[in-house]
Amino acid sequence: MILKKERLNDLLEALASKATVYVPRELDGQTRFAPFAKGSAVELGKAKTVFSPKETLFPQTETLYTYAQLGEDITLCETVNTTNQVLFGVRSCDTYSIERLDEVFLTRTFIDTLYLERRNNTLIVALGCTEPDRSCFCTSFGIDPAAGTGADIQLTDTGDGYFVEALTGRGTEALQAWSPFLTEGQKTAARELTFSLALDTSNVKDSLEQLFEHAYWNDLSMKCLGCGTCAFVCPTCHCFDMSQNNKGNTGYRFRTWDSCTFSDYSMMAGFHNPRPTKMRRLRNRFMHKLSFFSDRYGSSLCCGCGRCIELCPAGIDISRVIEDTSSLMGAGAEQQGSTAVKEVAS
Amino acid sequence: MANTQETLRERARILLEDGTLDYLIGWEAGRFEGQTTPLIIRTVADVDRLIYNEYCVHLLAKYPLADKTTKKIGVVVRGCDARGINLALKDGQIERDRLYLLGIPCQGMKDAQTGEELKKCRECTHRNPVVYDELLGDLLEQSAVADRFAEVNRIESLSADERYDYWADVFSRCIRCKACRDVCPTCTCKECFTDQAAKGWQGKETSLAENQNYGITRMFHSGERCLECGECERVCPKGLPLMQLNRKVIKDVHELFGEYIAGIDDCTPSPLDHYQLDDVEEFM
Amino acid sequence: MIAISHDCSCETNPLIPQVCKVIAVTQETSDVKSFRVQTLDGRIPFSFVPGQLGMFGVVNHGECMFCVSMGGEDWIEFTVKKVGTVTERIHQLHPGAQVTVRGPYGNFWPADACKGRNMIFIAGGIGLPPVRTFLLHTLANRSDYGRIDLVYSASTKKDLVFKEQLFDLWPNEPNMHVHVSVYRASDDWDGPVEFTAPYLESLGLDITNTTAVLCGGPSLYRTCSKALANMGVSDNDILTTLEMRMKCGIGKCGRCNVGSKYICLDGPVFTQAEVNAMLKD
Amino acid sequence: MSLEQETLNAVQENQGGAVVQEAPEAWKPKILAFTCNWCTYAGADLAGLNRMKYPADVRLLRLPCSGRVNPQFVLHAFQKGCDGVLVCGCHPGDCHYSTGNYFTRRRMLLYRRYLEYFGIEPERFQIRWISGSEAGKFRDTVVDTCEAITKLGPNHKFREEGR
């Protein structure tokens, strides 16, 4: 079935009546996933949004529970979230990232029910990529830009419309509501996309582990500012911190995004910090993205979207880290250059 | 521009070879056209990676401060970097004799996407480095700068509620990644108030109130020592108009305490570091 | 619906604690107190195995992860040292105050694997409560274990935790030897004044068929694991807990990773061999 | 409905309406006055001794010197619910620590314009030099500030209304 491009806004309005429809929109000069309102311009042409759809499933600040203290006794009220939402126009790199967030929040002994409720109330409509950005390298991690794994409905651009196909049972069920907007049509052959950036990431995990003590990390981290931009724009970063906000005898406990590059990320009571220097924090970030996560969950935590490449204030580039480490490994890291980690303070 | 790069490389090769420098901080080309990234060179072999073109946007003044050893550091300094180095010297963050400054008069950097001159460079008042050990290329004639405080005046003309709504909208978009604090040459405190959530100075929540507390207090801390290097606006992933914050403080400083150019040298105390007996008196 | 693969009984959010009340507070030292906690209707907040941890917090100040230092029929006890804002507020609790508790988290001391072996427990300062959970278990089923040695030290005499058990109860347990030292002498202390590692080596304990259990600050941990290696204890026989790094306890917040290991899901109890295999980040 | 209201309602349901909600009577301004211990606090004390009347909406906060007033205190005061902030100190030259109020003068000159730039009405944030003997001036300052702020009404800016 084909959804003609001129019927797109009507479909979105229909969907918006029953659920919050997040579409890529340009707000204040940045594209991000924002709720669709009648007549808002939808940016489906751009390869990726500046800010990932992660904030719709795992918001930056989220209330865990509210509490009230009257005299001695305390009452906790869990916040329940039942809003239906549709993520429309999600690229394959972001659906891959949503799958990684699912693995973190929904498996391994504990289920994060806040994330689970939101995830179960979300219909994901993937849109195949037509024209990748300069910094896109999702194919290097085996992601097919035309097929959004883990999405419910897959759209493929066919010039004047989108070929619609359901991938999951939930997708077919949702498609019934779309039928008035769809017309018959065949899927055209997928165009061959040219990626200006393609890397061999097969041995990146081992080479990173071998180079753990190499001086490469010192020079790389000296230019890092220690800010949180990369973690906050990254679609797969999921670390959070918890705190509370009091007002008189009531208040709420919340969790909010945190970045392992922040200096107080792993600070403990008594001011012991297992990662005191910027080098260790930045090294831990790249190791977690490219090595530690695949040890635990079997797939890389980097989806190759290139958002951190575009937005890092110091121009630190994860694709260069991948290239440099494999070239250092190629040149026999142990012989060349001192392996002792020259510790640069803070 | 190209021959400046050649002289820079050639000087770097000599300085690294004869041991006056342990390492040099400059820029290298990024992966894409128009993208650069700071570079630390320790050996002569890396000198060819060193570049100087119209996309070298990063401020280098803060990088030497992280090195607590006694190594001799070379830094390529344009107008804003030189003022940043002066600020660090005035604050006693680093000793002057550990630094070897290669001054380059800067005719303004370009935005890689649009190709125009960056906003911060259009409004730059000090294109020539104010402190250097060596000057590569001849001094530029300082072009007149349009009124830097135009936006500040526009906001001041609004009513109180309009001003509040304008800034409430700006601060509601802040994601507290703290890139503006980490890039700012004035922000060199050992432990910043934003990292002391336990002591209650700044909560971790990204609510409007916490963002206002962060944005207003951080910018007032750098306030009158701000170099107007425009880095905070460049690095903000949300594109917030942060320069309108510090320009307000600088405008008031000029009106109240007389002309003060931050980082012009490494000795004059900044306005809030000292006082005059006959200061403006409004509180009688 | 998302295929859920988990064996956890929680249907509510695992980050939501249950409200409990403090029934007893004992002052161990000037800055260490033990808090006995029970649910509002008098039940044990959660069942636990020695070595597991629980999240203990005051509702408007925050919560921290503590090892369950002792457990009874209908209560559990946390031993808390005053080091930060939350622990400071916890130290102001008095019996009857209401707190938030959740747990249990982490794996536990391999009590069965150590059956039939001699035990050396080594602890420093506030490291004794985690070690004591295993010690109490060995004393409870005394016949399963051989000779037990406890090497415990603190900075000064008044910082020694559980003094009553240290000096009165445990020395007259069968085949158990308590060795206590302090770092800084004080006039009311006539025992050895030595750091833990040299003191441990000076004891010349026999290490055949022995498992060592080690818990203390980072410096104590480094020096004592070397000392044990010098004494000939193999890496697989040294157990330790890295509980200090845990934060959310449910493997989501990403804070407690050492290399690819999550201390809260894969630990906190590890053998020295496993710790050596971790990347030293 | 704010989060706090929801929680209080939830508490009411659990305990069968045990929570008594006091009736919201006429609004009275909340003003926080940072007073320097050596001059203004003594002046306020003297005002009390002389039985001077001034509205009770002012809460005094005693600080060693007006120089101790961190601009963040002022912003936190507005965020935590104050409708007006008064920073009082000794006259320049009389400071017990000799230079405290000179720095305060410069800092507050800038900070007052800064907060106005963000939308705070000038009457809400005032700075005055009140010496230990000027009890009358202390009372007049407090009376004028209360009048001005009552005219302005409650402050809704910078309030912590949650997210």
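All of the numbers you see were taken from the coordinates with simple rules; none came from a lab. Just so it is clear, the structure is predicted and the values come from calculations on it, not from any experiment. FYI the Cβ positions are ideal-geometry reconstructions off the backbone, even for glycines, and counts take in every protein chain you see.
For region B:115-141 versus region A:299-326, the spacing of their alpha-carbon centroids is 31 Å.
First measure r as the distance between the Cβ atoms of C:Arg222 and C:Arg43, then evaluate 1/(1 + (r/R0)^6) with R0 = 35 Å and state the FRET efficiency to the nearest 0.05.
Numbers: r = 41 Å, r/R0 = 1.18.
With a Förster radius of 35 Å, E is 0.25.
Shown for chain B: cysteine residues without a partner Cβ closer than 4.7 Å, namely B:Cys56, B:Cys106, B:Cys121, B:Cys124, B:Cys174, B:Cys177, B:Cys189, B:Cys192, B:Cys226, B:Cys236, B:Cys267.
Summarised as an ellipsoid, region B:150-267 has semi-axes of 22, 20, 13 Å, derived from the eigenvalues of the Cα gyration tensor scaled by 5 and square-rooted, with the largest first.
Given R₀ = 30 Å, FRET efficiency for C:Arg89-C:Ser186 by Cβ-Cβ distance, to 0.05? Please list the in-between numbers first.
Details: r = 30 Å, r/R0 = 0.99.
Taking R0 as 30 Å, the efficiency between C:Arg89 and C:Ser186 is 0.50.
Rg and Dmax of region C:1-133, both derived from C-alpha coordinates alone, stand at 15.9, 53 Å. Expressed as a fraction of 2.2 N^0.38 Å, the C-alpha radius of gyration for region B:203-258 is 1.22.
Rounded to whole numbers, the Karplus 3J(HN,Hα) couplings from phi for region B:48-62 are 5, 6, 5, 10, 8, 9, 8, 10, 7, 8, 6, 7, 9, 5, 8 Hz, using 6.51 cos²θ - 1.76 cosθ + 1.60 with θ = phi - 60°, and x at Gly and Pro.
The modelled label-to-label distance for the pair D:His96/B:Asp97, using points 7 Å beyond Cα in the direction of Cβ, is 4.5 nm. Estimated from helical segments only, the mean residue ellipticity of chain C at 222 nm is -5000 deg cm²/dmol, where each DSSP H run of four or more residues counts as -39500 (n - 2.57). Pair-distance distribution of region B:59-124: all C-alpha pairs, bin width 5 Å, starting at 0; shares per bin in whole percent are 4, 17, 25, 21, 13, 11, 7, 3, 0. The dipole here belongs to region C:5-80: it is taken about the Cα centre, uses +1 on the Cβ of Lys and Arg and -1 on the Cβ of Asp and Glu, and is about 140 debye. Remark: region D:44-152 projects, on average over all directions, an area of 6.6 nm² (convex hull of Cα atoms).
Over all distinct Cα-Cα pairs of region B:1-131, the Kirkwood formula returns a hydrodynamic radius of 15.1 Å.
Scalar couplings 3J(HN,Hα) for region A:176-191, obtained by applying the Karplus form with A = 6.51, B = -1.76, C = 1.60 to θ = phi - 60°, are 4, 5, 8, 3, x, 9, 9, 10, 5, x, 10, 7, 7, 5, 5, 6 Hz; x denotes Gly and Pro. What's the Kirkwood radius of region B:225-284 in Å, using all Cα pairs? Result for region B:225-284 stands at 13.3 Å. Based on Cα contacts under 8 Å between residues 6+ apart, region C:118-277 shows a relative contact order of 21 percent.
Using the Kirkwood radius built from alpha carbon pairs, what does the Stokes-Einstein equation give as D for region A:62-131 at 25 °C and 0.890 mPa s, in µm² per second? Walk me through the numbers before you get to the answer.
Values: Rh = 14.6 Å.
This corresponds to a translational diffusion coefficient of 168 µm²/s.
With the convex hull drawn over the C-alpha atoms of the protein assembly as shown, the volume per residue is 213 Å³. Counting beta carbons within 10 Å around each of A:Lys5, C:Lys81 and listing the fewest first gives the order A:Lys5, C:Lys81. Given +1 at the Cβ of Lys and Arg, -1 at the Cβ of Asp and Glu and no other charges, the dipole of the protein assembly as shown around its Cα centre is 800 debye to the nearest 20.
Rg ratio for chain A: its Cα radius of gyration over 2.2 N^0.38 Å, N being its residue count, equals 1.10.
Over the C-alpha trace of region C:118-277, radius of gyration and Dmax come out as 15.9, 49 angstrom. Seen from every direction in turn and averaged, the convex hull around the alpha carbons of region C:48-107 projects onto 4.2 nm².
Taking the Cα centre of chain A as the origin, how large is its charge dipole in debye, to the nearest 20, when only Lys and Arg (+1) and Asp and Glu (-1) carry charge on their Cβ atoms? Don't skip to the end; give the middle numbers.
Details: 35 positive and 42 negative charges, 90 e Å.
Here the size comes out at about 440 debye.
Using square roots of five times the C-alpha gyration tensor eigenvalues, list the equivalent-ellipsoid semi-axes of chain B in whole Å, biggest first. Intermediate results must be reported in sequence, preceding the final value.
Working: eigenvalues 224, 88, 82 Å².
Largest first, chain B gives 33, 21, 20 Å.
Couplings 3J(HN,Hα) of region B:103-120, computed from phi: x, 10, x, 10, 9, x, 9, 9, 7, 4, 6, 9, x, 7, 5, 4, 4, 5 Hz, in residue order, whole Hz [Karplus 6.51 cos²θ - 1.76 cosθ + 1.60, θ = phi - 60°; x for Gly and Pro].
Structural descriptor for chain B: relative contact order 16 percent, calculated from alpha carbon pairs under 8 angstrom and at least 6 residues apart. Extents of region A:205-313, taken as max minus min of Cα coordinates on every principal axis and listed largest first, are 54, 31, 30 Å.
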